[in-house]
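Written below as structure tokens is the structure these notes are about.
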Amino acid sequence: MRLRDKVTIVTGSASRLGKAMVARFAEEGATVVIADINQAAIDATVAELVKAGRKASGYRVDVTDRDQLAAFMKAVAGEHGRIDILVNNAGVTRNRKFAEMTGEDWDYVLNVDVKGVFFCIDRKSTRL
């Protein structure tokens, strides 16, 4: 239990790689916070972890929305007293040939994959 009682946020963690990460953090004793945009998947992941005896909560949050992200960080810090670990895992792709990608596709990918990471670590977004 190397991470006993460490408060850990993993963005994009209601499925796939992020879900595996929160499961592993929880196995090591961390209190995990599932942050994702898919509420049904958040609920299912939290339920699985709690059923396994782990400490978990979930929040629907869009990492590209600075105000929403700031409210999320404040809520997590308020609930747990602090945030010890942040994993910026949220990411998207558009499975198209490069020549077929539209400007909207490119903006969406960059907003989540780059701007989302910036907002998660930026003091303006995460001021507690």
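How far apart, in nm, are the 7 Å Cα→Cβ label points at E27 and I85?
Result: 1.2 nm between the two label points.
Heavy-atom accessible area per residue, the chain, 1.4 Å probe: how many Å²?
So the chain comes to 59 Å² accessible per residue, rounded to a whole number.
I want to verify a result. In a Gaussian network model of the chain, Cα cutoff 10 Å, which of these has the top mean-square fluctuation: G116, G78, G103?
Among G116, G78, G103, the largest mean-square fluctuation in the Gaussian network model of the chain belongs to G103.
For a quick check: with amide H placed at 1.01 Å from N, whose amide H comes under 5 Å from I34's, ignoring anything fewer than 5 positions away on the same chain?
The list, which skips near neighbours in sequence, is S57, G58, Y59.
Give, rounded to the nearest 20 debye, the magnitude of the charge dipole that the chain has about its Cα centre when Lys and Arg contribute +1 at Cβ and Asp and Glu contribute -1 at Cβ.
That gives the chain a dipole magnitude of about 420 debye.
Quick one: what do you get for the range 50-100 if you divide its Cα Rg by 2.2 N^0.38 Å?
Against the empirical 2.2 N^0.38 Å value, I get 1.59 for the range 50-100.
Under the rule of -39500 (n - 2.57) per DSSP H run of 4 or more residues, summed and divided by the residues of the chain, what mean residue ellipticity at 222 nm is obtained, to the nearest 500 deg cm²/dmol?
Computed ellipticity for the chain at 222 nm equals -13000 deg cm²/dmol.
Taking every pair of alpha-carbon atoms in the range 18-128, what share in percent sits in each 10 Å bin, from 0 to the bin with the longest distance?
14, 41, 32, 12, 2
Among the aspartates and glutamates, select those whose C-alpha is under 17 Å from the C-alpha of K6, and discard any that sit fewer than 8 residues away in the same chain.
Straight-distance partners of K6: E27, E28, E79, D84.
For K97 and S15, calculate 0.36 nm times their separation in residues minus their Cα-Cα distance, and state this gained length in nm to one decimal.
That pair, K97 and S15, stretches by 27.0 nm at full extension.
Counting only protein heavy atoms and using a 1.4 Å probe, what share of the accessible area of the chain belongs to carbon plus sulfur, as a whole percent?
Here it works out to 52 percent.
The values are calculated or read from the model by the stated rules, or taken from the named source; none is laboratory data. Not measured: the values here are computed from a predicted model. Cβ atoms come from the backbone with ideal geometry, glycine included; neighbour counts cover every protein chain shown. Note: accessible area is taken over every heavy atom of the protein model, side chains too, but ligands, DNA and RNA are not part of it. Shrake-Rupley method; radii C 1.70, N 1.55, O 1.52, S 1.80 Å.
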